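The values are calculated or read from the model by the stated rules, or taken from the named source; none is laboratory data. Because the structure is a prediction, the values reported are computed rather than measured. Note that each Cβ is placed from the backbone with ideal geometry, even for glycine, and that neighbours are counted across all protein chains shown. Side chains included, ligands, DNA and RNA excluded: accessible areas come from the protein's heavy atoms. Shrake-Rupley method; radii C 1.70, N 1.55, O 1.52, S 1.80 Å.
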Amino acid sequence: MSLLRSVFSIIALTKPINTAGTVQTRRNFKRWVSPTLRELAHRVKKQGPQKPEPRSGFLEWNYRSELFAFGKRLNEEFQLPILQIAFTQQAYANQEQERQRKLGIAEADLQISDNKQLKAKGAHITRAYVEAYLQHSLPKLPPAGQKAITSYLLSTETLAHVSMHLGTKELIFSTEYPPNSETLAETLQAIIGALADSSGVDRAFLFVRDFICTQLNQKDLLDIWTPEQPLELLSEICNQRKLGEPEPRLLGDCGKNTLLAAFQVGIYADRQLLGKGFGENVQTATETAAICALLTLFDMHENRRPFDFQIQLETKNVRLG
């Protein structure tokens, strides 16, 4: 009887039966697999972090297909030779010419175009449209504010952010990988220039609107531009618009002579309340109230109408010269 029980236990261990009634087969790993995997993991850890390799180093990489897919993803029509030039940095072109020269290739075959001209053209188009868009969307904003917001949209960080998320990182011909922020920003400008040459300036304008101007979406404009000396600026704006001289008045206070003191100041002009502000002292509350009044006068407050990213500005309203 004991022998019969041992036989059944052996069968149960070798071929377990699950609840569904199907037989589960055990995995059989060779004894050398586990030590080999541990040794490989140890060697990789000992070698340290590896340098990132560009996607173009993979065997299945097809650069022409990637360029074609790039334009289709953006729903734009590019001429592929021009688009390839837009992705070619000047340092890379010089490096390739020098390498080919060392290989003895004829001088006539050494000409490799870079994106210098396309970059300059794209930067000019981008600045022209951004300035026209801000003048149309924020007509009450003074030149200093429009200049600050324009600088934000055309900054290297903003352009590099847009360029990275459009998928330009793997397509750029550069001497370094991954490309830095400046290279990404310049490539985006060159792409805009290439689009203007391929499909016209109007399409380039719409590209700038859709991918660069939209960076203002749900953005607090006060984080981009905060008026310096707001009370003096408010007085100047009120005189220009003939609203009268602004007059700050103390509306309320609490906790005087304590660490939790708070003051509320309102600014009036011609008996009209322009803005209110709070602060730990009267001066801070006055400056805050002046900023609040300026936001209302410039139509920059939080409850303003959202930016219209569907608008199509006429070409004559965008100064390219």
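Residues are listed down the side, and each one gets a yes or a no for (1) in a helix (DSSP H, G or I); (2) over 13 Å from the mean Cα position of the chain (by Cα); (3) not hydrophobic (A, V, I, L, M, F, W, C):
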| site | (1), (2), (3) |
| --- | --- |
| Ala148 | yes, yes, no |
| Ser151 | yes, yes, yes |
| Leu159 | yes, no, no |
| Gly167 | no, no, yes |
| Thr187 | yes, yes, yes |
| Ala190 | yes, yes, no |
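The residues of region 269-281 that are open to solvent by less than 70 Å² (accessible area, probe 1.4 Å) and either in a helix (DSSP H, G or I) or not polar (S, T, N, Q) (or both), listed by number, are Ala269, Leu274, Gly275, Gly277, Gly279. Pairs meeting the criteria (first residue in region 90-105 and farther than 24 Å from Leu184 by Cα, second residue among the β-branched types (Val, Ile, Thr) and surrounded by 15 or more Cβ atoms within 10 Å (Cβ to Cβ), beta carbons under 9 Å, at least 6 apart or on different chains) are Gln100/Ile112.
Scanning region 204-235 for residues that are touching a residue at least 40 places away in the same chain (Cβ under 8 Å), in a helix (DSSP H, G or I), charged (D, E, K, R) and open to solvent by 50 Å² or more (accessible area, probe 1.4 Å) yields a single hit, Asp210.
From the list Lys121, Lys72, Lys147, Lys116, the lone residue that is modelled with pLDDT of 90 or more, farther than 26 Å from Ile311 by Cβ and either crowded, with 16+ Cβ neighbours inside 10 Å or assigned by TED's automatic domain parsing to the domain that holds Ala196 (or both) is Lys116. Give the residues of region 238-268 that are surrounded by 20 or more Cβ atoms within 10 Å (Cβ to Cβ) and among the aliphatic types (A, V, I, L, M), sorted by residue number. Within region 238-268, Val265, Ile267 qualify. Summed over region 162-189, the residues that are closer than 15 Å to Leu74 by Cα and among the hydrophobic types (A, V, I, L, M, F, W, C) give a count of 5. Tallying residues that are surrounded by 11 or more Cβ atoms within 10 Å (Cβ to Cβ), at pLDDT 70 or above and not polar (S, T, N, Q) within region 99-111 yields 2.
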